[in-house]
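The numbers here are math on the coordinates, done by the rules we state, and not lab data. The model shown is predicted, which means the values in this text are computed figures rather than measured ones. Every residue, glycine among them, receives a Cβ derived from its backbone with ideal geometry; neighbour counts consider all protein chains shown.
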Amino acid sequence: MEMYRRTYAEINLSHLAYNIRAIQKAFPQVGFLCPMVKANAYGHGDVRLGLYLEGLGIRHMGVCLIEEGILLRKSGVNAEILVFRGFDFDGAQKIAEYAMTPVVSSWDHIDHLEALESNSPIGIHLKFDTGMNRLGFRPEEGQKLFDRLWQNKKIRLKALVTHLFNGEDAADENGKSAGQLKALNQLAHIFKPFNIFCHALNSSGIISAMSLQKAKPGPQHPLMLQNWGLRPGLMIYGYNPLADKSIVDLKPVMTLKAQVNTYRRLKAGETVSYGGTWKANRDSVIAVVPIGYADGYHRILSNKSHVLFAGKRVPVVGNVCMDYLMLDVTDVVQNKDLKEFKDQEAVLFGQDHGATLSPEELATQAQSITWEMLTSVGERVPRVYVGGGQ
Ligand SMILES: Cc1ncc(COP(=O)(O)O)c(C=O)c1O
């Protein structure tokens, strides 16, 4: 790989395998485990991860865009690819051509699939809107959908889908998620003659279900109503979105790194970067790190966040630029020869010399969420794969 700027995202495939195994161990009975590899596998590289997941025995994976699914297919992924975004007739043709599974969420979608010229029916998953109010049929439409799809020559219904909008409360028998799961379970009764299964749990739902395994809830708990299929996203990349981090041990898959090659010695009173928003209150050493907001390091983190430098937390000082950010490394390099730090790697998030800096921390500082920090890592940041027997 060409890399003249040593700024890269190290992707640890062994950690991905570890996180997948944590789910498989907790739910040995679940037949549908569909890791979400949309948005370039949350920034980790969808082709490489898709192929690696398949090597781990994963038989289903989820994307948003038809384009994402086509890329996976063209790269050799044979697993079932669920396309969650809607589609027009052209899209329906592509979905069929690349043997993908559409998640059908409107009557138009059904029209487009029925209009396909094909001898064999296309398998679909049917999405219900049980409260997210984004995509999907209303539960009241269940019977009408049954009538349209029963013995349909063009379409074969395989599963029902819903998406939790507040998965953090899934352990609560009376929470929002409980209402959604109960609604989908009701619909499953209508569609029983299709021999369908249902999937609904994202990372927060899955980890909530893990937390309940110890508590052994009764069969009436919404999480226990059936063997819900699983659609983990964030957790396979190493992060638990729930407050209780002790429920499951996950390993962060991505470490974002950049090699420092320039240092500046500042006199007290001098400022750093555009607008001079940070002023040295002592003689200081500033490390110039070749990563900026064009690489996905949000500008809002200026003068707020920290970076690991030689295993120590140091502050980001001055405004983050398009291609660079600056660190006050005075305390770390004090009484040392700066030559020792030539080519020093800075870790923007991830692990370094046993220290950890989480994108969750950055997300809080950036008024964002971990998902956005991961998916923001830019296209011009090469992904370097380690572990996983590679
Ligand atoms: C339909 C659907 N299922 C599952 C997921 C995975 O969610 P999470 O990353 O919270 O596990 C997403 C992510 O946005 C989604 O849109």
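Here are a few things to note about the model shown:
- Each part reduced to its alpha carbon centroid, region 152-201 and region 1-16 end up 38 Å apart.
- Size of charge dipole - region 31-237 - debye, nearest 20, with Cβ of Lys, Arg +1 and Asp, Glu -1, no other charges: 480
- Computed log10 I(q)/I(0) for region 54-103 at 0.16, 0.21, 0.27 Å⁻¹: -0.37, -0.63, -1.00, from the Debye equation with unit scatterers placed on every C-alpha and solvent omitted.
- Nearest-0.05 FRET efficiency for residue 143 and residue 117, computed from C-beta distance (R0 25 Å): 0.30
- Percent of beta bridges antiparallel (DSSP, the chain, rounded to nearest 5): 55
- A simple rule links phi to the HN-Hα coupling: the Karplus curve 6.51 cos²θ - 1.76 cosθ + 1.60 with θ = phi - 60°, which for region 107-117 gives 5, 4, 4, 5, 4, 5, 5, 5, 7, 5, 8 Hz, with x for Gly and Pro.
- The translational diffusion coefficient of region 31-237, from Stokes-Einstein at 10 °C and 1.306 mPa s with a Kirkwood hydrodynamic radius over alpha carbon pairs, comes to 91 µm²/s.
- The Kirkwood hydrodynamic radius of the chain, based on inverse pair distances between different Cα atoms, is 22.9 Å.
- Estimated dipole of the chain in Debye, rounded to 20 [Cβ of Lys and Arg +1, of Asp and Glu -1, Cα centre]: 500
- Report note on the peptides 311-323, 93-105: ranked by the mean count of other C-beta atoms within 10 Å, highest first, their order is 93-105, 311-323.
- Taking θ as phi - 60° and the Karplus parameters 6.51, -1.76 and 1.60, the scalar couplings of region 16-26 work out to 4, 4, 4, 5, 5, 4, 4, 6, 4, 5, 6 Hz in sequence order, x denoting glycine and proline.
- Per-peptide packing, taken as the mean over residues of other Cβ atoms within 10 Å, places 228-240, 284-296, 185-197, 23-35 in the sequence 228-240, 284-296, 23-35, 185-197 from highest down.
- Rounded to the nearest 10 degrees, the inclination of helix 176-190 to the longest alpha-carbon principal axis of the chain is 30 degrees.
- Kirkwood-based shape ratio for region 119-195, expressed as Rg/Rh from alpha carbons: 1.03
- Inter-label distance for residue 75 and residue 26, nm, one decimal - labels placed 7 Å from Cα along Cα-to-Cβ: 2.6
- Our analysis of region 254-386 gives Rg over Rh at 0.95, with the two radii drawn from alpha carbon positions and Rh computed by the Kirkwood formula.
- Under Karplus coefficients 6.51, -1.76 and 1.60, residue-wise ³J(HN,Hα) of region 76-87 in Hz, glycine/proline x: x, 6, 9, 4, 5, 10, 8, 9, 7, 7, x, 7
- With 10 Å bins from 0: P(r) over region 317-388, alpha-carbon pairs, percent: 14, 40, 36, 11, 0
- Measuring against 32 Å, Cα to Cα, the residue pairs 127/257; 251/312; 74/154; 192/216 contain 127/257 as the ones spanning a longer distance.
- Among 112, 15, 125: highest mean-square fluctuation, GNM of the chain, C-alpha pairs under 10 Å: 112
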